[in-house]
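Contents: one structure, followed by commentary.
The values are calculated or read from the model by the stated rules, or taken from the named source; none is laboratory data. Remember, it's a predicted structure, so these values are computed and weren't measured experimentally. Here the Cβ positions follow ideal geometry from the backbone for every residue, glycine too, while neighbour counts run over all protein chains shown. Side chains included, ligands, DNA and RNA excluded: accessible areas come from the protein's heavy atoms. Shrake-Rupley method; radii C 1.70, N 1.55, O 1.52, S 1.80 Å.
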Amino acid sequence: MQRMTNRFGLVVGTLSAMLASLFFIPFFPGMPTAGIDFSWIMAVNETLVRGLVFGRDMIFTSGPLSPIYTGSYSPQTDWISLWGSVVIAAAVFGGFMLIGRRSTRWLLIALPFATAAAILRDSIHYTLGLIVLLFVFRLTRNEDDELHLPWTLFHRAALLALTAVLWCMPLIKGSFGAIVYGVSGLSIIMLARASRRTMAWLIPIIGISALVVAWSITGQPLSGLLHFFIAQKPVIASYTDAMSLTGSAAARHWWLLSAAMMVIVTTLFLARDRGIDGLLCTLGMTGCLFIAFKAGFVRQDGHIWAATNFVLFAAIALGALTGSFIGIPLIIAAAIGATAIDNSVLPRDPSFYMTRFHEMVDRTCLGIDARLKGNLPSLYKAAVAKIRTDYPLPETSGSADLYSTNLSVLFANGMKWSPRPGLQSYSVYDPAIDRADAAHLLGASAPDTVFFELAPIDNRLPSLEDARSWPLLMTQYSVVGQSSGFLVMTRDKVARTYEYGDAVVHPTVTFGQPVEIPDAPIVQASIFVKPSLIGKIERTLYKLPEISIQMTLSDGRVVTHRFIPSMATRFMLSPYVNDTSSWALTAAGLNTARVKSITLNTDNLSMYEPYIDMHFSGMKMVAQKGLRSTLLSQPVAQIAVPFDATRHADCAIDTINSKPYSGAPVVIVGGVLRIGGWTAPDGKNGIGPDDAWIVLTAVDGHSVFFRTKPAGREDVASFFSHPQMKAPGINLTGDVSSLSGDYMVRVFASDGHGAIECPQTARVSLH
């Protein structure tokens, strides 16, 4: 009977491990799209293709084996993604077979379902560390221990192979190093205690050798390997503060309950009565869970899948070791916990696992078919062509870079990429990376053309991203046009100058205290917020509470953004810059939205030192001449179609110079008029404008006309129950520097038969 059970376990376990491997291998890899996530994925592939060096040309958590993690397609790097995934799958799912008892390997039937549910692949890579830990734990048991594995030649070779794969994981993602070196250290101790000192020495030797081979085989210079690891420090050290995102408290409680269950089962059924080795095993399990927790819950959005799926894999591993009596309820409980946690981000129910299983079967079959037919290159070309169609960029000579995140657009348009080390603006969250990016703009490899848009994440204060690069971009480059929402900037032969004035220091500012900002055209700031002792502990174990910055502007607006202390060094505080247009206006010396005062706030004062150092300094910058005509709409002589006084258009003037319009006259200083709103010739019947104009009429009856570009307004289309309505939005940034006095603002829309006036008007006073 026992022999039949063992054979059944062997067959079911083997088939399950093979199926899980097929799900993990990216037979149908992801194809390029525009956006923040696939941009860094494409950037990794481009770094490999162009022979750039990780840790020098790119300071990011990803390494040269990153295609294994992303599962994305590039014709030149697909071999890394495909065959690297084969190796990882063999190590992880073959490892489950190694650690499982013969009689309980059938519990590995849960592996394909857990693998299908693993939307993020982090959990599978973390699981490799746990597999190595449990394998060494079994190998080092005494012969009379029920968990003992014989020290056979096969098991020795398997351990060395697993070690080689494990030590390559930081080249996939630098943050994987914590599990790699933690598990390796515990394994070495257990091997040494079991008098397997030769094998204990071989662990780091084999690991380092594999690391060197993997680094070299991807075309990276050996001299850059150490620097890659050194460059990971600022990326990993500042990640928690800069990228944290608060989510459901219930999800955290569910996860902690699930993790506690894993630790308790490890302690009671593996560690008990096994002395120091048992303690090391529990410590390793706890450490792996802690790393998964940090990966999933620092940024508590879709990242939580890294944590929840790891608990599932840990439950399967423990079940295969402890037996069906414990394993079955443990796996079910882990699945229930994962479902409850994931519901805080994406609604799930128990049928989710079956649905994902069927989807992965279909995707795997389609992928194998596509590879056999050679369809992937054509799918890749079509995906790149779509990005290029959606975001066309003008042809340029020389090298180029793109700010802030959407690098896919740059690659799809075939530009010669000259990357800044920080890669994407959101990831420049450490002063060291910020300095490296600024040095790149001053160096010989600075891009000849920059495509620039402002797209901060998490409602961050926009000027925190690329803080030291902003003055360089504004003075070394000139805006020559706009394309697909980007400013097109070319590098000047002779840079304009900028300089800082004397600093104004406020050394005793506290949270909640308003601080006046010096009155200067441009104000640079450095704000130093330090965590308290309790805060440092909280940051290590979890994350610090968010800090917000409330800014009162000269036009009366009060705006609030997220404030990231690690990024708050020499950033442009005033004037207020919140979009691409206001950034360009600042470069042209036309941004009049001064910041009058700021207040820092947080929900938990005990996590931070009570006093905040603030340094402000005025900045003089030579503005780009001639930019006014490029950035600002110029008045036209008249509306191009005849007026139709028999009808009235629908419309609303929402904002004037970024401030909600209340009906009172608005004073405009600085010669720039910004109006936001919408108009439609007949909203009730879903008729949007062919064209739209803003008309300024003076007291004497003289009118000035501005043509606006229609823009999408889903809220307006939804209000009129016509989702296909032609773009009714109007946005004007107009040059009114030649005008002065009081004007009435009117809006006109055209349906092709005449210019129809909107009954709503506004009043402005131009100075």
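Return yes or no: is Val428 farther than 19 Å from Pro565 by Cβ, buried (at least 24 other Cβ atoms within 10 Å of the Cβ) and of a type in the set (A, V, I, L, M)? So Val428 does not fit the description; no. Which is touching a Pro at 6+ places or on another chain (Cβ under 9 Å) and open to solvent by 20 Å² or more (accessible area, probe 1.4 Å), of Ala755, Ala680, Ala711? Among Ala755, Ala680, Ala711, only Ala711 is touching a Pro at 6+ places or on another chain (Cβ under 9 Å) and open to solvent by 20 Å² or more (accessible area, probe 1.4 Å). The residue list Thr552, Thr602, Thr560, Thr580 contains one member that is surrounded by fewer than 21 Cβ atoms within 10 Å (Cβ to Cβ), of a type outside the set (A, V, I, L, M, F, W, C), touching a Leu at 6+ places or on another chain (Cβ under 6 Å) and over 30 Å from Cys288 (Cα atoms), which is Thr580.
Against the test of being of a type outside the set (Gly, Ala, Ser), open to solvent by less than 60 Å² (accessible area, probe 1.4 Å), under 24 Å from the mean Cα position of the chain (by Cα) and within 20 Å of Trp40 (Cα to Cα), the options Asp390, Asp437 yield a single qualifying residue, Asp437. Report whether or not Ala249 is without any contact (Cβ under 8 Å) to a residue 40 or more places away in the chain and touching a Gly at 6+ places or on another chain (Cβ under 6 Å). No: the conditions fail for Ala249.
Pull up region 455-511, narrow it to residues that are aromatic (Phe, Trp, Tyr) and over 25 Å from the mean Cα position of the chain (by Cα), then point me to the one that is nearest to Leu573 (Cα to Cα). Checked region 455-511; the qualifying residue nearest to Leu573 (Cα to Cα) is Tyr500. Just one of the listed residues (Gly501, Gly485) is in contact (Cβ under 8 Å) with a residue 24 or more places away in the chain and under 30 Å from Ala383 (Cα atoms), and it is Gly485.
Among the residues examined, Ala317 qualifies as farther than 19 Å from Tyr542 by Cβ, in contact with a Ser or Thr (Cβ under 8 Å, 6 or more places away or on another chain), open to solvent by less than 10 Å² (accessible area, probe 1.4 Å) and in a helix (DSSP H, G or I).
Conditions tested, residue by residue: (1) of a type in the set (S, T, N, Q); (2) on the phi > 0 side of the Ramachandran plot; (3) over 26 Å from the mean Cα position of the chain (by Cα).
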position	(1), (2), (3)
Thr266	yes, no, yes
Ala271	no, no, yes
Leu280	no, no, yes
Leu289	no, no, no
Ala295	no, no, no
Ala307	no, no, no
Leu312	no, no, no
Ile316	no, no, yes
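Among the residues of region 543-559, at least one is under 16 Å from Leu605 (Cα atoms), out of contact with any strand residue (DSSP E or B) (no Cβ under 8 Å at 6 or more places or on another chain) and touching a residue at least 60 places away in the same chain (Cβ under 8 Å).
For (1) exposed (fewer than 15 other Cβ atoms within 10 Å of the Cβ); (2) not hydroxyl-bearing (Ser, Thr, Tyr), each residue gets a yes or a no:
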residue	(1), (2)
Leu346	yes, yes
Arg356	no, yes
Asp362	yes, yes
Leu366	yes, yes
Ala370	no, yes
Gly374	yes, yes
Pro377	yes, yes
Tyr380	no, no
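With respect to the conditions (1) polar (S, T, N, Q); (2) open to solvent by 20 Å² or more (accessible area, probe 1.4 Å); (3) in contact with a Pro (Cβ under 8 Å, 6 or more places away or on another chain), Thr61 falls short on a single one, namely (3). The residues listed here are Thr339, Thr355, Thr322; of these, the one that is free of Cβ contacts under 8 Å to residues at least 40 places away in the same chain, among the polar types (S, T, N, Q) and closer than 30 Å to Leu541 by Cα is Thr339. Give the residues of region 457-468 that are open to solvent by 10 Å² or more (accessible area, probe 1.4 Å) and under 20 Å from Val523 (Cα atoms), sorted by residue number. Across region 457-468, the qualifying residue is only Arg468. Of the residues contained in region 41-54, one or more are found to be among the small types (Gly, Ala, Ser), open to solvent by less than 10 Å² (accessible area, probe 1.4 Å) and either closer than 23 Å to Ala118 by Cβ or touching a residue at least 12 places away in the same chain (Cβ under 8 Å) (or both).
Annotation note: of Phe411, Phe452, the sole residue that is open to solvent by 10 Å² or more (accessible area, probe 1.4 Å), of a type outside the set (A, V, I, L, M) and at pLDDT 95 or above is Phe411.
Suppose we keep only residues that are among the aliphatic types (A, V, I, L, M) and not in a helix (DSSP H, G or I) within region 325-355. Which one would you say is modelled with the highest pLDDT? It comes out as Val345. At least 1 residues being modelled with pLDDT of 95 or more, open to solvent by less than 70 Å² (accessible area, probe 1.4 Å) and of a type in the set (Lys, Arg) is the threshold, and among the strands (runs of 3 or more DSSP E) wholly inside region 469-509 not one reaches it. Those helices (runs of 4 or more DSSP H) of region 1-93 in which 3 or more residues are at pLDDT below 95 occupy 2-24, 36-49.
The conditions of being buried (at least 21 other Cβ atoms within 10 Å of the Cβ), hydroxyl-bearing (Ser, Thr, Tyr) and over 30 Å from Phe96 (Cβ atoms) are not met by Thr308.
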